[in-house]
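The values are calculated or read from the model by the stated rules, or taken from the named source; none is laboratory data. A quick note: this is a predicted structure, and the numbers were derived from the prediction, not measured. Using ideal geometry, Cβ is built from the backbone for each residue, glycine included, and neighbour counts are taken over all protein chains shown.
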Amino acid sequence: MNQKDWPDLAGRIEGRAHVLPVRVYFEDTDFTGLVYHANYLKFCERGRSDFVRSLGVSHKELFSSEDGSEQSAFAIAHLEIDYLRPAHIDDVLEVVSTVGEMGKATLLINQEVRRGDTVLARLSVKVVLVNSRGRPMRISALMQEAFRNFSAVNGGHPKPMP
């Protein structure tokens, strides 16, 4: 089966944002029936992965280096999260991801976890492209252009990071 058979499986692009639907299952909750705090990080990781995938960047290809390029992967360098409201079992949420600032090896991805129009959590995630030895490496011009086209900052032009 391919992506076209499941059009929303990896989310969808809406304007300059990627939107990934997520259902809250029993396993996502604590004893109170509310989403356990660490699971917001998992929801957002899926959102970032599918966002990058929707831009034509394959994590598998980055790490496999089948095209002769150096093995690489995105790693979290810094993360901030604000928990604003709880999510409950059986809720249908959306993880909304946009590109913020971009550096030579880094990318800031802003995310919100929403239930309808209500923002439940807000994240700012700085990722860095690293090689197999964990050293930062330059994001290719092709990837930079893909991210730039989906940046919500400055009308599609991410602010450079210091």
- Taking region 50-60 only, how many residues are assigned to a helix (DSSP H, G or I) and over 12 Å from residue 10 (Cα atoms)? 2
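So in region 101-118, with the set limited to residues that are under 19 Å from residue 28 (Cβ atoms) and of a type outside the set (Val, Ile, Thr), which one is surrounded by the most Cβ atoms within 10 Å (Cβ to Cβ)?
First, pick out the residues of region 101-118 that are under 19 Å from residue 28 (Cβ atoms): 111-116, 118.
Then drop every residue that is not of a type outside the set (Val, Ile, Thr), which leaves 111-112, 114-116.
Numbers: 111: 26, 112: 21, 114: 18, 115: 16, 116: 9.
Out of the qualifying residues, it is 111.
For every residue, the table says whether it meets (1) surrounded by 18 or more Cβ atoms within 10 Å (Cβ to Cβ); (2) among the aromatic types (Phe, Trp, Tyr); (3) more than 16 Å from the chain's Cα centre (by Cα); (4) modelled with pLDDT of 95 or more.
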position	(1), (2), (3), (4)
70	no, no, yes, no
73	no, no, no, no
78	no, no, no, yes
96	yes, no, no, yes
99	yes, no, no, no
120	yes, no, yes, yes
124	no, no, no, yes
131	no, no, yes, no
134	no, no, yes, no
- Among the residues of region 51-61, is there at least one that is modelled with pLDDT of 90 or more and under 13 Å from the mean Cα position of the chain (by Cα)? yes
- For residue 94, which of the numbered conditions (1) charged (D, E, K, R); (2) out of contact with any Gly (no Cβ under 9 Å at 6 or more places or on another chain); (3) closer than 30 Å to residue 36 by Cα fails to hold? (2)
- Note on region 70-118: residues part of a loop (DSSP other than H, G, I, E, B) and in contact (Cβ under 8 Å) with a residue 12 or more places away in the chain are 70, 71, 84, 85, 86, 87, 89, 90, 91, 103, 104, 105
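Per-residue answers, yes or no, for (1) part of a helix (DSSP H, G or I); (2) out of contact with any helix residue (DSSP H, G or I) (no Cβ under 6 Å at 6 or more places or on another chain); (3) of a type in the set (Asp, Glu):
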position	(1), (2), (3)
20	no, no, no
32	no, yes, no
40	yes, yes, no
48	yes, yes, no
